[in-house]
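Just below is one structure, and these are the notes that go with it.
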């Protein structure tokens with residue numbers, strides 16, 4: 001098993017990409033902590049995987065402190081953080097309100113910032129891996145979701161910064177970003193109706209697992225696009 005007894009926190013783990021991550025990590029022997037604002041499916045999944053579920057608003061610093069304390073109490077520390085929690089709403093730049101823009105950035109950008117900050121605190125001595133969920137929209141214009149694209153661009157920039165910071169400080173912590181293209185999740189299907197040709201959540205989970213495992217021990221500050229070359233041949237972003 002590639003992740004035997006490793007302690008893995010997955011935010012937004014109740015459905016979509018987070019659920020696929022949780023299922024794969026559990027199958028590889030990890031001790032999985034699922035956090036989400038959607039309690040019922042999160043708890044059911046955690047029970048199925050013999051893991052731990054915690055209610056968690058990633059925009060709340062007090063929630064992050066509570067979650068990290070609970071993980072320390074249950075497992076003694078943290079080895080992997082997958083910053084996966086997200087939200088998206090279709091609205092072009094002329095239709096996007098400041099409230100929508102700020103809320104989207106709070107979930108993706110503030111949530112990832114807080115996750116990285118508290119993960120570094122937990123991993124400084126024991127080491128670990130942070131995997132941030134960015135998006136192809138961060139590097140390719142997609143006019144229907146400007147707030148989402150901007151937030152994911154910030155996640156990508158933060159990933160690079162965290163990776164360099166940890167290297168310079170001598171912390172045994174790696175930080176990488178995954179940039180999925182169109183993946184057939186409930187969240188993505190609110191934006192793209194046609195799922196034909198789209199990837200599956202499991203396709204992304206395999207990359208997340210690789211970046212969390214010792215197989216990628218010399219990989220940090222990198223970004224990995226998962227879109228089957230769709231963006232190179234004019235496919236949907």
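The values are calculated or read from the model by the stated rules, or taken from the named source; none is laboratory data. All figures in this text were calculated on a predicted structure; none of them were measured in a lab. Positions of Cβ are backbone-derived with ideal geometry, glycine not excepted, and every protein chain shown enters the neighbour counts.
So that you can scan it fast, the table gives a plain yes or no per residue for (1) over 14 Å from the mean Cα position of the chain (by Cα); (2) over 21 Å from residue 134 (Cβ atoms):
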{"position": "93", "(1), (2)": "yes, no"}
{"position": "98", "(1), (2)": "yes, yes"}
{"position": "101", "(1), (2)": "yes, no"}
{"position": "109", "(1), (2)": "no, no"}
{"position": "120", "(1), (2)": "yes, no"}
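Answer with yes or no whether residue 74 is under 19 Å from residue 122 (Cβ atoms), part of a helix (DSSP H, G or I) and touching a strand residue (DSSP E or B) at 6+ places or on another chain (Cβ under 7 Å).
Values: under 19 Å from residue 122 (Cβ atoms): yes; part of a helix (DSSP H, G or I): yes; touching a strand residue (DSSP E or B) at 6+ places or on another chain (Cβ under 7 Å): yes.
Judged against the criteria, residue 74 is a match.
The rows are residues; the columns are (1) outside any loop (DSSP other than H, G, I, E, B); (2) without any contact (Cβ under 8 Å) to a residue 40 or more places away in the chain.
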{"residue": "86", "(1), (2)": "no, no"}
{"residue": "102", "(1), (2)": "yes, yes"}
{"residue": "110", "(1), (2)": "yes, no"}
{"residue": "130", "(1), (2)": "yes, no"}
{"residue": "140", "(1), (2)": "no, no"}
{"residue": "154", "(1), (2)": "yes, no"}
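May I ask you to verify whether residue 147 is modelled with pLDDT of 95 or more, assigned to a strand (DSSP E or B) and touching a helix residue (DSSP H, G or I) at 6+ places or on another chain (Cβ under 7 Å)? It would help to see each step written out before you state the result.
Numbers: modelled with pLDDT of 95 or more: yes; assigned to a strand (DSSP E or B): no; touching a helix residue (DSSP H, G or I) at 6+ places or on another chain (Cβ under 7 Å): yes.
Criteria not met by residue 147.
I'd like to check something: does segment 39-55 contain any residue that is closer than 30 Å to residue 141 by Cβ and part of a loop (DSSP other than H, G, I, E, B)?
Within segment 39-55, not a single residue is closer than 30 Å to residue 141 by Cβ and part of a loop (DSSP other than H, G, I, E, B).
Tally the residues that are in contact with a strand residue (DSSP E or B) (Cβ under 7 Å, 6 or more places away or on another chain) and within 27 Å of residue 231 (Cα to Cα), restricting the search to segment 112-138. Break it down stepwise before answering.
Step one: of segment 112-138, the residues in contact with a strand residue (DSSP E or B) (Cβ under 7 Å, 6 or more places away or on another chain) are 112, 115-116, 119-120, 123, 127-136, 138.
Narrowing the set further to residues that are within 27 Å of residue 231 (Cα to Cα) leaves 112, 130-136, 138.
Final tally of qualifying residues: 9.
Spot the failing condition for residue 26; the list is (1) buried (at least 23 other Cβ atoms within 10 Å of the Cβ); (2) touching a strand residue (DSSP E or B) at 6+ places or on another chain (Cβ under 6 Å), and only one is missed.
Evaluating residue 26 over (1) buried (at least 23 other Cβ atoms within 10 Å of the Cβ); (2) touching a strand residue (DSSP E or B) at 6+ places or on another chain (Cβ under 6 Å) leaves (1) as the failure.
Checking residue 70 against (1) buried (at least 18 other Cβ atoms within 10 Å of the Cβ); (2) within 20 Å of residue 14 (Cα to Cα), which test does it fail?
Result: residue 70 fails condition (1) only.
Test residue 160 against the stated conditions and say whether it is within 12 Å of the chain's Cα centre (by Cα) and closer than 24 Å to residue 209 by Cβ. Working first, answer last.
On the way: within 12 Å of the chain's Cα centre (by Cα): no; closer than 24 Å to residue 209 by Cβ: yes.
Against the criterion (within 12 Å of the chain's Cα centre (by Cα) and closer than 24 Å to residue 209 by Cβ), residue 160 does not qualify.
From the residues in segment 180-222 that are at pLDDT 95 or above and assigned to a loop (DSSP other than H, G, I, E, B), which one is surrounded by the most Cβ atoms within 10 Å (Cβ to Cβ)?
220
Of all residues in segment 2-24, which are on the phi < 0 side of the Ramachandran plot and in a helix (DSSP H, G or I)?
17, 18, 19, 20, 21, 22, 23, 24
Give the number of residues within segment 87-102 that are surrounded by fewer than 20 Cβ atoms within 10 Å (Cβ to Cβ) and touching a helix residue (DSSP H, G or I) at 6+ places or on another chain (Cβ under 8 Å). Quick ask: steps written out before the conclusion?
So in segment 87-102, the residues surrounded by fewer than 20 Cβ atoms within 10 Å (Cβ to Cβ) come out as 87, 89-102.
Checking which are touching a helix residue (DSSP H, G or I) at 6+ places or on another chain (Cβ under 8 Å) leaves us with 87, 89-93, 96, 100-101.
Adding up the residues that qualify gives 9.
Which count do you get for residues in segment 31-56 that are touching a helix residue (DSSP H, G or I) at 6+ places or on another chain (Cβ under 7 Å) and either surrounded by 17 or more Cβ atoms within 10 Å (Cβ to Cβ) or at pLDDT below 95 (or both)? Steps first, please.
Start the filter on segment 31-56 by keeping residues that are touching a helix residue (DSSP H, G or I) at 6+ places or on another chain (Cβ under 7 Å), which leaves 31-36, 45, 49, 51-56.
Those left that are additionally either surrounded by 17 or more Cβ atoms within 10 Å (Cβ to Cβ) or at pLDDT below 95 (or both): 31-36, 45, 49, 51-54, 56.
Residues that pass the stated criteria total 13.
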